[in-house]
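**Student:** Before anything else, here's the structure in question.
The values are calculated or read from the model by the stated rules, or taken from the named source; none is laboratory data. Keep in mind that this is a model prediction, so the values were computed, not measured. Reconstructed Cβ throughout: ideal geometry from the backbone, glycine too, with neighbour counts over all protein chains shown. Calculation scope for accessible area: heavy atoms of the full protein, side chains included, ligands and nucleic acids excluded. Shrake-Rupley method; radii C 1.70, N 1.55, O 1.52, S 1.80 Å.
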Amino acid sequence: MATADRISALRGMRDVMSAEYARRQRVERTLERHLRLRGYAPVDLPILENTELYLRKSGEEISARLFEFNFKNRRIALRPEITASVLRAYVDHMQDAPLPLRIQYSGPVFRYEKPQQSRYRQFTMAGAELLGASGARADAEVLQLACSGLESVGLSDYKLVIGHATLLEGYLQKLGLRKQLLNHLLRNMENLRKRGLSQVIASLRMLFPEFEHDVEPEAKPDPAAESGSQELIKALREMSDGEARRAISDFLHSLNIRIESNRDEDEVIDRLLHKIREDEQAPKLRLALAYMERLGKLRGSPAEVLPLARALAAEYDLERNPIGHLEQSLACLADYGPLAGQVELDFGLNRGLHYYTGLIFEIHCRPAVGETIQVCGGGRYDSLVSILGGGAPTPAAGFAYGVERVAGLLSSEAAAFAGPDVYVIPITDADVAASLRIAEELRARDAAVEVSIGGRSLRRRLKQADRKSAPLVVIIGESEREGQSVILRDMRSHEEWQVANQELPSRVKERMQADE
């Protein structure tokens with residue numbers, strides 16, 4: 001493989017330069033402190049995990065997005081997210097800890113997806129998990145924590161979009177759709193909202209050829225009277241597979257019908273039963289698509305959407321608990337005081353992951369130019385601990401930020417600390433040792449210090465300090481070295497002071513505080 005081809009194979013992985021790295025570091029440190037002050041303890045988890053962890057959490061559909069390889073007969077993957085690792089660590093090490101348990105994390109994740117604006121194959125996640133707490137108060141804590149975290153880094157123009165996973169999944173399960181169809185519809189709720197119903201129907205016809213026709217949605221099932229054969233098919237559908245196979249076999253034998261084909265009788269009966277089962281799914285699928293289309297239109301302020309959601313639930317005879325739970329969660333969220341951003345309900349929100357069991361949400365921000373981008377997402381996943389091997393059912397909720405996306409919304413001034421706080425210039429080689437000692441003393445006081453290297457002129461080194469955006473310069477020459485003093489220069493005002501060595505740390509700190 002040519003060098004250019006090898007490089008192309010890694011597109012989507014990105015070099016992060018100093019200014020952007022500084023913004024990202026600032027975001028991570030601010031979020032870490034924000035979460036720690038609210039009781040969320042940090043953990044550090046492996047980048048590599050067994051592939052089985054992600055298959056159990058998200059199903060086989062995650063496989064196409066994994067960076068996966070075999071090592072000594074084990075399937076290993078670079079982590080595509082961190083929630084699974086947190087809950088795996090909880091199962092392995094923390095099931096005896098008192099609940100609720102509050103955990104935070106940050107680190108790189110890897111997803112094999114098509115790179116596009118604000119989406120890369122390696123990026124940084126920071127997030128929090130609340131384990132062992134359920135109900136509206138717990139959900140409100142997670143919502144407020146996610147929003148206030150953004151506010152802590154300086155982002156207040158955001159939109160909190162809230163939905164509920166069971167409003168869709170509950171109805172699809174009530175219809176009795178088979179699992180593959182149900183999961184496909186759950187994954188495509190976002191496609192229905194963004195690209196229209198025709199796109200979802202097209203995907204159904206491609207993946208499930210048995211539904212090539214008759215999947216256009218209708219509000220109500222066909223009321224035509226069933227014939228005698230339809231009554232027989234209905235009876236077969238209500239039987240278990242074993243009962244239906246025996247009934248078909250007995251019926252064929254009672255009519256002295258022998259199957260003349262290359263297939264044995266059991267295979268033919270199985271194919272016939274499969275066809276009967278699929279014919280049963282088509283009208284249910286039409287009802288599901290009609291419901292999904294209506295549900296996806298319920299989007300807006302809580303005051304506007306909640307009455308419409310209650311009316312839809314009554315029309316379809318659905319459980320009202322999800323809507324009541326959302327109302328309680330919003331009331332609990334209000335106890336924290338007003339949010340800086342807007343709140344919107346969206347009952348078409350699905351997030352494409354089948355393990356969510358309740359409230360789900362996303363947070364979107366608008367950059368200076370372009371469309372809004374999602375910077376945070378999360379929800380409740382009460383069954384996930386059990387799926388990953390936990391001994392007892394454990395309620396869990398959490399969220400994660402895309403750190404690069406958050407950092408990208410900050411102004412360039414947010415990275416002012418990308419350069420050193422102090423740039424130290426020794427005039428000659430004889431002044432280097434004294435310069436290094438002074439640099440260490442300033443670093444001990446939490447100042448970022450860079451010592452000039454090389455024999456260039458003072459003017460050129462001052463120009464270098466300016467290019468590095470260092471606000472302060474310390475100059476040490478022979479007279480300063482002998483007099484136990486330095487020259488302290490403010491690069492913005494161009495003022496200079498002769499400062500005794502013992503006074504330098506306090507003077508530097510004073511100037512740094514004045515700049516904050």
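**Student:** When the residues of segment 18-28 are narrowed to those that are more than 19 Å from the chain's Cα centre (by Cα) and either among the charged types (D, E, K, R) or farther than 13 Å from Thr124 by Cβ (or both), which ends up surrounded by the most Cβ atoms within 10 Å (Cβ to Cβ)?
**Tutor:** Selected residue: Arg23.
**Student:** So which pairs qualify, if the first residue must be in segment 327-341 and farther than 17 Å from Lys159 by Cβ, the second must be open to solvent by 70 Å² or more (accessible area, probe 1.4 Å) and assigned to a helix (DSSP H, G or I), the Cβ gap must be under 8 Å, and the two must be at least 6 apart or on different chains?
**Tutor:** From residues that are farther than 17 Å from Lys159 by Cβ, the pairs are Cys332/Arg137.
**Student:** Got a sec? Which of Ala400, Ala331 is open to solvent by 10 Å² or more (accessible area, probe 1.4 Å) and assigned to a helix (DSSP H, G or I)?
**Tutor:** Going through Ala400, Ala331 in turn, just one is open to solvent by 10 Å² or more (accessible area, probe 1.4 Å) and assigned to a helix (DSSP H, G or I): Ala331.
Conditions (1) among the β-branched types (Val, Ile, Thr); (2) part of a helix (DSSP H, G or I); (3) modelled with pLDDT of 80 or more, marked per residue:
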{"site": "Ile7", "(1), (2), (3)": "yes, yes, no"}
{"site": "Tyr21", "(1), (2), (3)": "no, yes, yes"}
{"site": "Gly39", "(1), (2), (3)": "no, no, yes"}
{"site": "Tyr54", "(1), (2), (3)": "no, yes, yes"}
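**Student:** Quick one: Ser469 ticks every box in (1) among the hydroxyl-bearing types (Ser, Thr, Tyr); (2) in contact (Cβ under 8 Å) with a residue 12 or more places away in the chain; (3) farther than 30 Å from Ala19 by Cβ bar one, so which box is it?
**Tutor:** Of the numbered conditions (1) among the hydroxyl-bearing types (Ser, Thr, Tyr); (2) in contact (Cβ under 8 Å) with a residue 12 or more places away in the chain; (3) farther than 30 Å from Ala19 by Cβ, the odd one out for Ser469 is (3).
**Student:** Within the set of pairs 6 or more residues apart or between chains, which connect a residue that is more than 14 Å from Pro42 (Cβ to Cβ) inside segment 82-98 to a residue that is open to solvent by 30 Å² or more (accessible area, probe 1.4 Å) with Cβ atoms less than 7 Å apart?
**Tutor:** Every condition considered, the pairs that remain are Val91/Gly389; Gln95/Gly391.
**Student:** Can you tell which of Asp139, Asp157 is modelled with pLDDT of 90 or more and either surrounded by 19 or more Cβ atoms within 10 Å (Cβ to Cβ) or hydrophobic (A, V, I, L, M, F, W, C) (or both)?
**Tutor:** Asp139
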